[in-house]
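The values are calculated or read from the model by the stated rules, or taken from the named source; none is laboratory data. Keep in mind it's a predicted model, so treat the numbers as computed, not measured. Ideal geometry is used to build each Cβ from the backbone, glycine not excepted, and the neighbour counts take in all protein chains shown. For the accessible areas, the whole protein counts, side chains as well, though only heavy atoms, and no ligand, DNA or RNA atoms are used. Shrake-Rupley method; radii C 1.70, N 1.55, O 1.52, S 1.80 Å.
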Amino acid sequence: MKNLKLSRRTLLRGMGALMALPMLEQMVPSLARAAGSSGAPRRLAVFYVPCGINMAQWTPRNTGRGWTPSPTLQPLAPVKDDVLVLSGLSHEPGRPDQFGHHAAGTGAFLSCVKIHKTDDAADVRAGVSMDQLAAKALRPHTRLPSLELGNDGGDGTGSCDANFSCAYARNIAWAGPTSPRAKETNPQDVFDRLFSGFDPDATRAQIEKRKAYEQSILDFVREDAQALKQRLGSRDNQKLEEYFTSVRELELRVAALDQEGPRCAKGPRPEPTHDVRAKTKVMCDLMVLAFQCDLTRVATFMLGNGRSDRVYDFLGLTSGHHTYSHHQHVPENLAALATIDRWEMEQFSYLLQRMKSVQEGEGTLLDNSLVYFGSEVADGNSHGHSDMPVVLAGRGGGTVTPGRHVRYDGQPIANLFISMLQSVGVSMEHFGDDGSRPLPHLEE
């Protein structure tokens, strides 16, 4: 390795563009000062799915290290030793007084604070979400405090569920009781925000010119990149080449997404209806690259909005997700719901495998992260808020021992969030309406 001390904030520059770098071995001294003796930052990520789960097909029979993935959890087999399946956790703050379980559960999903029922966007009141507490604490270390992503858009106006504001059903990240963090749903905008749109000297015209000429962000920083390569060791050069390949492949996929959807010769251009399969994977890849470059250490992703009734026709289904979730114990509806659940788990497994493929020192990006998977309700038919479907992936830099199924007896999810926050250095004794202590048995 060549004698070079490289700051983790090093950027490649060229023609009004800036490009972040992945964590290289020659950044370890500066990373260690920011992250502790391990030399690798710790991250938090959230993967939300709407409408609950067919719990009979979800829950593993065995506990401990001898657990066997259930039919729905089978896609996690490649990362079985990297996940904790946590059964028996409750989320009572997400239970409304009467109706509106989807909006109430989504609005309280990460805050564990019972929301104020209103259909007026100006009158919403929720709690500060777990991810935003982490983002506030980690803000000095990264350019972006947090990244909020999702497949489905929509603002907070109107009622989305039993006179609950759409702000509750369409957001899981809350910076304050009245301040939801709107998610970004356009992969191109996310890509530009992360990799090519943040140079103070860059203009929107420069970015648009690059797109018009189909130039890659890599073309603009090529000269700076070549100069850097001459100063790096062989392993860092290999890692840099792999990173550039990933960025370019993602850039092409993002551009392809923008070309999809209907076009009109006259009248207003309709909104593109992107393939949710391609869009979900792109969003996952954007999260991984954002973590890899240490642009942010906190990210949330909503696969769909609360109470989503998306029709998964590519799975051979004809009715909407929310419709199937009210299965009324009809076998055909339960089978359809299980099909959707398994597809969702395939997307989650894709994210985890991508994180596991990124080496960081002696470990991986997944080893240095905690990734929370959940929904706003358990069973969508009964709108249950006990025995929630929860998976926690990663090792949190050594704070969690995965590879197990752990069964609890009604402990609140808020206690899990206390533990997750502590893993990134946020010390607290209480969280939300019912969190009072760290969740036990996360370490073995």
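When only Cα pairs below 8 angstrom with a gap of at least 6 residues are kept, the stretch 307-402 shows a relative contact order of 20 percent. For the chain, the relative contact order is 30 percent, taking Cα pairs closer than 8 Å that sit 6 or more residues apart in sequence and dividing their mean separation by the residue count.
When the C-alpha to C-alpha distance is required to be over 32 Å, the pairs from K114/K136; K279/K356; K114/K356; K183/K356 that qualify are K114/K356. Antiparallel beta bridges, as assigned by DSSP with both residues in the chain, represent about 50 percent of the total such bridges. Taking a ≥ b ≥ c as the square roots of the Cα gyration tensor eigenvalues, with a/c under 1.5 meaning rounded and otherwise prolate when a/b beats b/c, else oblate, which class fits the stretch 107-201? It comes out oblate by the Cα gyration axes. Heavy-atom accessible area with a 1.4 Å probe sorts T401, T300, largest first, into T401, T300.
Remark: spin-label model distance S7-D123 equals 5.0 nm, labels positioned 7 Å along the Cα→Cβ axis. Can you list which of the DSSP-assigned H helices in the chain have a Cα extent of 18 Å or more along the long axis and an average Kyte-Doolittle score of at least 0.0? Result, helices passing both filters: 276-292. Around the Cα centre of the stretch 384-444, unit charges on the Cβ atoms of Lys, Arg, Asp and Glu (plus for the first two, minus for the last two) sum to a dipole of about 220 debye. Computed from label points 7 Å out along Cα-Cβ, the spacing between R437 and S179 is 3.3 nm. How charged is the neighbourhood of E346? Take every other residue with its Cβ under 11 Å from the Cβ of E346, and add Lys/Arg as +1 and Asp/Glu as -1. Combined, the nearby Lys, Arg, Asp and Glu give +1.
Peptide packing: for 54-60, 392-398, 66-72, the average count of neighbouring Cβ atoms within 10 Å per residue gives the ranking 392-398, 54-60, 66-72, highest mean first. Where a ≥ b ≥ c are the square roots of the eigenvalues of the C-alpha gyration tensor, would you call the stretch 33-166 rounded, which needs a/c under 1.5, or, failing that, prolate if a/b is larger than b/c, or oblate? Oblate. Of all aspartates and glutamates in the structure, those lying under 14 Å Cα to Cα from K80, and not within fewer than 8 positions of it along the same chain, are E346, D367. Counting Lys and Arg as +1 and Asp and Glu as -1 over every other residue whose Cβ lies under 11 Å from the Cβ of G156, the net charge comes to -3. For the chain, the per residue solvent-accessible surface stands at 41 Å², with DNA, RNA and ligands left out and a 1.4 Å probe.
On the accessible surface of the chain, probed at 1.4 Å, how many percent belong to carbon and sulfur atoms? Solvent-exposed carbon and sulfur of the chain make up 48 percent of the total.
Put a plus charge on the Cβ of each Lys and Arg, a minus charge on the Cβ of each Asp and Glu, and nothing anywhere else: the dipole of the chain about its Cα centre is then about 1200 debye. Dipole orientation for the chain: of the candidates L21, P71, S159, L21 has the Cα lying most toward the positive pole (charges on Cβ; Lys, Arg +1; Asp, Glu -1). For the chain, the alpha-carbon radius of gyration amounts to 0.97 times the rule-of-thumb value 2.2 N^0.38 Å expected for a compact globular protein.
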